[in-house]
Amino acid sequence: MDAVEHCEHGVFLSVLDVGLLIKGDAGIGKSSLALELIERGHQFISDDVVHIFSDKMSNSTSNSRLIGKSPDMLKDLLAIRDLGVLNVAQLFSANSCLAQHPLDLIIELVDNEHLIPVTLTGIQSELSLLNHTIPVQTVHAHPKRNLAVIVETAVKNHILYKRGQDAGTLLEKQQQYI
């Protein structure tokens, strides 16, 4: 591992092979959402503390990626209120856990929908980590919303966006011709 490492508070998973860091205030439901995503077949990497480092394939940041992994002490462990600490590999399977994964997207859970800017394009902001820019999607964590479906959809939308397909921008362009 490189000498430069950054720690983030959150839950890190691979959702549809997209490295997803779920962030938010304590008690907002990050770990419960992770449990639901694991149940839906996605892979768990880390809960509570995520070690992030650059893979440094070269001296250029354009040829390197940020990698997230769990501290050794927390490997495969997910803490759920009311249930305690769960061993994901034992509960689901060893295949439900990964040792590490590139970081591609951050979902920020908030409890106040008024904190989310209204936009037709999904990504509202970016976070700079270790000289890399990571897109951040803010999601209202209302208890009546199906957050697992919303997060999976945000990941799918991110994949399309990376392929140059942005429905919000397309709609904005179409509105200009009306």
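Ordering L16, L74 by the number of other Cβ atoms within 10 Å of each residue's own Cβ, fewest first, gives L16, L74. The Q175 and E113 beta-carbon pair, evaluated with R₀ = 35 Å, returns a calculated FRET efficiency of approximately 0.90.
How far apart, in nm, are the 7 Å Cα→Cβ label points at S128 and R145? Distance between label points: 2.8 nm.
Ordered by the number of other Cβ atoms lying within 10 Å of each residue's own Cβ, fewest first, V4, V139 fall into the sequence V4, V139.
The angle separating the long axis of helix 30-39 from the principal Cα axis of greatest extent in the chain is about 90 degrees. Past the 25 Å Cα-Cα mark, which pairs from K69/K162; K75/K156; K23/K75? Over 25 Å apart, Cα to Cα: K75/K156. Stretched out straight at 0.36 nm per residue, the stretch from K56 to R81 would grow longer than its current Cα-Cα span by 5.3 nm. Residues whose amide H falls under 5 Å from that of S54, counting only those 5 or more places apart or on a different chain, are I67, with hydrogens built in the peptide plane. Applying 1/(1 + (r/R0)^6) with R0 = 30 Å to the Cβ-Cβ distance of D25 and A94 gives a FRET efficiency near 0.40.
Given that just one value was derived from the coordinates, which of (i) 16.8, 58; (ii) 17.2, 63; (iii) 15.9, 47 is Rg and Dmax of the Cα atoms in Å? Recomputing Rg and Dmax of the Cα atoms in Å here picks out (i).
None of the figures in this text is laboratory data; all of them are computed from the coordinates on show. All values derive from a computational prediction rather than experimental measurement. As a convention, Cβ positions derive from the backbone with ideal geometry for all residues, glycine included, and neighbour counts pool all protein chains shown.
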